[in-house]
1. Return the only residue of I83, I98 being farther than 25 Å from A215 by Cα and either in contact (Cβ under 8 Å) with a residue 60 or more places away in the chain or touching a Cys at 6+ places or on another chain (Cβ under 7 Å) (or both).
2. Show the residue pairs that are 6+ apart or on different chains and have beta-carbon atoms under 7 Å apart, the first residue being within segment 188-210 and in contact (Cβ under 8 Å) with a residue 24 or more places away in the chain, the second being β-branched (V, I, T) and part of a loop (DSSP other than H, G, I, E, B).
3. Search segment 262-282 for residues being crowded, with 18+ Cβ neighbours inside 10 Å and not hydrophobic (A, V, I, L, M, F, W, C), and hand back the single one that is farthest from G26 (Cα to Cα).
4. Could you tell me whether I72 is within 16 Å of the ligand (Cβ to nearest atom) and assigned to a strand (DSSP E or B)?
5. Restrict the check to segment 296-305 and report whether at least one residue is surrounded by 13 or more Cβ atoms within 10 Å (Cβ to Cβ), in contact with a strand residue (DSSP E or B) (Cβ under 9 Å, 6 or more places away or on another chain) and over 16 Å from E136 (Cα atoms).
6. May I ask you to say which residue of S147, S108 is of a type in the set (G, A, S) and crowded, with 18+ Cβ neighbours inside 10 Å?
7. Inside segment 209-230, can you point out the residues that are under 13 Å from R51 (Cβ atoms) and either touching a helix residue (DSSP H, G or I) at 6+ places or on another chain (Cβ under 7 Å) or of a type in the set (V, I, T) (or both)?
8. Within segment 1-50, restricting attention to residues that are part of a strand (DSSP E or B) and of a type in the set (D, E, K, R), which residue is nearest to Y64 (Cα to Cα)?
Amino acid sequence: MVRLSVLGTLSLPSAGPIQLLQRDYGQGGNLVSIIAGIHGDEYLGLYVVYRLIQWLESIEQSAYQLTGRIRIVGCANPLGALIGERFWPSDFTDINRIFPGYQAGEASQRLAHWIFGALKPSLLTMDLHNGVAMNELLHVRSYSRASWLQRGMIKMGLPVIWYQSFQEPSTRYLEVPGTVEGTLQYCLHQHGIENIVLCGGPDLDIKQGIRLFRALLRLLFHIEILHGPPLEESEPQAESRQVKTITPVLSRRAGLFLAHSTLGESVKKGSYLGETVDVQSGQVLDQTFSPVDGVLLSLRKQPMIGEGMLLARIA
Ligand SMILES: [Zn+2]
């Protein structure tokens with residue numbers, strides 16, 4: 001049975017207050033937390049959380065049992081989600097750059113503080129995100145070197161596993177912060193709390209959402225929070241591609257980017273990825289080729305680009 005708690009209450013100047021809620025399932029044992037919607041314009045994670053809650057609500061009538069606790073913070077930036085805005089709308093702050101937050105701060109700081117407080121007792125946290133300007137192949141990423149978690153990530157059966165490193169050169173692309181400080185991922189890591197980030201999208205694709213939901217259940221099985229018969233698989237699991245480095249491909253010219261490649265495609269060094277054109281003059285300004293062999297993990301969706309913007313990422 002669910003236990004609902006209020007993590008915090010935000011007053012609004014001319015309307016009723018907003019409450020940030022946490023849902024807890026199971027009793028005793030280790031705690032695993034799942035959070036979605038820190039960025040208000042990312043909806044795929046909200047769908048995954050919906051599926052998980054629906055599943056947990058009926059677990060007592062199923063063949064499955066929880067032997068640990070699952071905590072869900074399902075829509076961490078509710079005002080942002082309402083208007084499709086990445087940041088907290090009243091102060092335009094990226095909540096995912098101000099962790100651990102503080103109680104005496106502005107609304108966004110307080111939200112970060114409450115979220116961090118809720119996740120801090122966890123053995124493991126899972127943070128759901130999705131691309132917005134970029135199409136993303138489903139992937140899981142983590143700075144963790146814990147072998148139990150790395151084995152669990154393999155069990156998830158997602159197309160790509162990215163073992164991140166703090167030594168990676170500074171990257172200032174969407175979903176790959178230039179400064180890792182202030183992100184939930186970094187803050188949890190600094191406090192010794194194992195965590196993973198799950199990413200896909202940007203569309204609220206139900207197939208992708210179900211795949212993420214099932215990946216999440218497989219990880220819960222692996223870490224023995226969840227027990228019961230193995231999940232039925234509708235299709236055979238492909239092996240995940242495990243990578244330590246991701247190569248970004250940046251635009252050299254401003255214009256309209258026309259992708260001539262497909263997300264998830266295997267590319268070779270020199271493979272043609274697309275072209276940047278000038279809509280006003282009808283000229284082709286630049287052609288883009290892959291700098292390495294790999295798989296297209298991310299590919300630009302929002303096609304109007306400036307110089308130095310992310311066109312693709314190769315795993
Ligand atoms: Zn995000």
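The values are calculated or read from the model by the stated rules, or taken from the named source; none is laboratory data. Since the structure is predicted, the reported quantities are computational estimates derived from the model, not experimental observations. When we count neighbours, we look across all protein chains shown, and the Cβ atoms used for this are built from the backbone with ideal geometry, even at glycine.
1. I98
2. P202/V132
3. So, considering only residues that are crowded, with 18+ Cβ neighbours inside 10 Å and not hydrophobic (A, V, I, L, M, F, W, C), the one farthest from G26 (Cα to Cα) is T276.
4. Spelling it out, it is not the case that I72 is within 16 Å of the ligand (Cβ to nearest atom) and assigned to a strand (DSSP E or B).
5. Within segment 296-305 (the criterion being surrounded by 13 or more Cβ atoms within 10 Å (Cβ to Cβ), in contact with a strand residue (DSSP E or B) (Cβ under 9 Å, 6 or more places away or on another chain) and over 16 Å from E136 (Cα atoms)), the answer is yes, since at least one residue qualifies.
6. Details: S147 fails: crowded, with 18+ Cβ neighbours inside 10 Å.
Only one candidate passes the filter, namely S108.
7. G209, I210, L212, F213, L216
8. So, considering only residues that are part of a strand (DSSP E or B) and of a type in the set (D, E, K, R), the one nearest to Y64 (Cα to Cα) is D24.
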